[in-house]
1. From the square roots a ≥ b ≥ c of the eigenvalues of the alpha-carbon gyration tensor of region 110-174, which class results: rounded (a/c under 1.5), prolate (a/b over b/c), or oblate?
2. Show me 101-108, 51-58, 138-145, 191-198 ranked by packing, highest mean number of other Cβ atoms within 10 Å first.
3. Near the amide H of Val105, under 5 Å away, which other amide H atoms are found, from residues 5 or more places off or on another chain, if H is placed in the peptide plane?
4. With θ set to phi - 60°, apply the Karplus curve 6.51 cos²θ - 1.76 cosθ + 1.60 along region 121-129 and write out the HN-Hα couplings as whole Hz, x wherever there is a Gly or Pro.
5. Can you list residues whose amide H is under 5 Å from Leu83's amide H, if they're 5+ apart or on another chain and H is modeled 1.01 Å from N?
6. Nearest 5 percent is fine: what portion of the DSSP beta bridges confined to the chain is antiparallel?
7. What order, most packed first, do the peptides 205-211, 64-70 have when packing is the mean number of other Cβ atoms within 10 Å of each residue?
8. Residue by residue through region 157-162, what is 3J(HN,Hα) from phi via Karplus (6.51 cos²θ - 1.76 cosθ + 1.60, θ = phi - 60°)? Round to whole Hz and write x for glycine and proline.
Amino acid sequence: MIVDIHTHILPGVDDGATNFNEALEMARLAVADGTTHLFATPHHRDCTPLTRAEVSDRVAKLQVRLDKANIPLTIIPGHEVRLYDDMLDDWDRELAGPLGNSRYVLAEPLFHHYDAHTNEMLFELFDRGYIPIMAHPERILPIQKDLSLIEPFLARGGLTQITSSSLYSDKDRFAHQTALTMLRNGMAHIIASDAHKPYRRRPILMKAGQAAARIVGSSQAEAMISTNPAAVVQNKLISAPTLAV
């Protein structure tokens, strides 16, 4: 089971797929790369606001299209939950939610801001019984400058998701360097595509898995694209060492 926990495949919702044709093409690319399950995680803010129920409804409609096109890919609903100050208000209104029926939450820090309140929101999710997975920390500017910012989150049992292209491309050299450092330091747990288009940040995982294997070995790299994200699908505990601070 190869699982991509972070994509913007739902058409006409955010800055991801524009229409069903683009979504189907993204799905074909994912399947060709070996992906079997893929989470649709629209931004919960700065786009068309969708409740958890509305995301599920749109995912069901996309799944029908995939099945009719004989594309063997299972789509699962979710949100990319942006950590604005009022995120928990959106959560309570069901405008943000977990990945599928799991306890895992794909949580995105602001790109230019990370402070104690960011950790407070993440810790509140823990207190409510959820496990946050931090989306693409290697692309967050404050984290690039100081990886110790996320140590309290990791010490609490938080997980991180590295964007696949950050591992195999140095187009964004700071994200690339940060991703490699996180791998070497045991601070990365899942690789996902954050796919937006068939031609921009595509739903490709295997190339990143190969890049990761050169640093952490094939077994750990496989866990990052298969075992760990499959545990999200199955709502099972991910066995990841807790960082001590």
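Taken together, the values in this text are just the output of simple stated rules run on the coordinates, not laboratory data. Bear in mind the structure is a predicted one, so any value in this text is a computation, not a measurement. Note that each Cβ is placed from the backbone with ideal geometry, even for glycine, and that neighbours are counted across all protein chains shown.
1. Numbers: a/c = 2.54, a/b = 1.72, b/c = 1.48.
Prolate is the answer for region 110-174, as a/c is 1.5 or above and a/b outweighs b/c.
2. Values: 101-108: 22.0, 51-58: 16.6, 138-145: 19.5, 191-198: 23.9.
Sorting 101-108, 51-58, 138-145, 191-198 by mean packing, highest first, produces 191-198, 101-108, 138-145, 51-58.
3. Leu99, Ile131, Ile133
4. Listing the rounded values in order: 5, 4, 5, 5, 4, 4, 4, 8, x Hz.
5. Glu108, Leu110
6. Close to 5 percent.
7. On the way: 205-211: 19.9, 64-70: 12.3.
My ranking of the peptides, most packed first, is 205-211, 64-70.
8. Karplus-based 3J(HN,Hα) across region 157-162 equals x, x, 10, 10, 10, 8 Hz.
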